[in-house]
Amino acid sequence: MYEDDYATCESTYVTLRIYCDFMTPDSLSEYLGIIPSSIQIKGQRSNLSYSLITLNGWFLSSENIINSKDSRRHLDYILDIMLTIEEELKSLLDEKTNIDLSCFWGSKDGHGGPVLSQQQSSKLAKFDIDFWYDLY
């Protein structure tokens, strides 16, 4: 199923993004039992725009963890983790927490693109969240 040396891909990774106003990133980490790849804290200045951050953010990424140019392998890595915390994620969604999955995909030469398998679509259907591509 995987094509780790995906010919048209320069680089790719998937990130689970949780934006929560009622829990700090540390509280969210404790609740989920997972250490995030990165966080953002409401009220601090953004490194990118220097504006104030308006929501707490908790991010779990496959970047620098999965060594593959096939976005399916990255997505499966994150989805497998999500399945272990399915009830916690559903509870957060019930509290109107913003949760989504983002797939960064950098094209090597402008042709081709990432693929989403039927198995992954089935796993994604378990969660009421958006999955989107950030293509370059």
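The values are calculated or read from the model by the stated rules, or taken from the named source; none is laboratory data. These numbers come from a predicted model, not from an experiment. Don't worry about glycine lacking a Cβ; one is built from the backbone with ideal geometry, like all the others, and counts go over all protein chains shown.
Data for the structure
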read-out: Number of the exception - Asp5 against (1) surrounded by fewer than 16 Cβ atoms within 10 Å (Cβ to Cβ); (2) without any contact (Cβ under 8 Å) to a residue 24 or more places away in the chain; (3) farther than 16 Å from Leu89 by Cβ; value: (2)
read-out: Where His74 falls short, out of the listed (1) within 16 Å of the chain's Cα centre (by Cα); (2) on the phi > 0 side of the Ramachandran plot; value: (2)
read-out: Condition met for Ile65 (touching a residue at least 12 places away in the same chain (Cβ under 8 Å), part of a loop (DSSP other than H, G, I, E, B) and not polar (S, T, N, Q)); value: yes
read-out: Counted residues, region 68-101 - those being surrounded by 13 or more Cβ atoms within 10 Å (Cβ to Cβ) and either in a loop (DSSP other than H, G, I, E, B) or of a type in the set (D, E, K, R) (or both); value: 11
read-out: Search result, residues across region 2-24 that are part of a loop (DSSP other than H, G, I, E, B), under 21 Å from Leu101 (Cα atoms) and among the aliphatic types (A, V, I, L, M); value: Met23
read-out: Residue in region 11-18 that is under 30 Å from Lys108 (Cβ atoms) and in contact with a Lys or Arg (Cβ under 8 Å, 6 or more places away or on another chain) present; value: yes
read-out: Region 122-134, subset modelled with pLDDT under 95 and exposed (fewer than 14 other Cβ atoms within 10 Å of the Cβ), residue nearest to Asp76 (Cα to Cα); value: Ser122
read-out: Filter result (closer than 13 Å to Tyr6 by Cβ and either not in a loop (DSSP other than H, G, I, E, B) or not β-branched (Val, Ile, Thr) (or both)) within region 102-120; value: Cys103, Trp105, Gly106, Ser107, Lys108, Asp109, His111, Gly112, Gly113, Pro114
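Here's the yes/no breakdown for (1) within 19 Å of Thr12 (Cα to Cα); (2) of a type in the set (Asp, Glu); (3) out of contact with any Phe, Trp or Tyr (no Cβ under 6 Å at 6 or more places or on another chain):
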| residue | (1), (2), (3) |
| --- | --- |
| Tyr77 | yes, no, yes |
| Ile85 | no, no, yes |
| Thr97 | no, no, yes |
| Cys103 | yes, no, no |
| Gly110 | yes, no, yes |
| Gly113 | yes, no, yes |
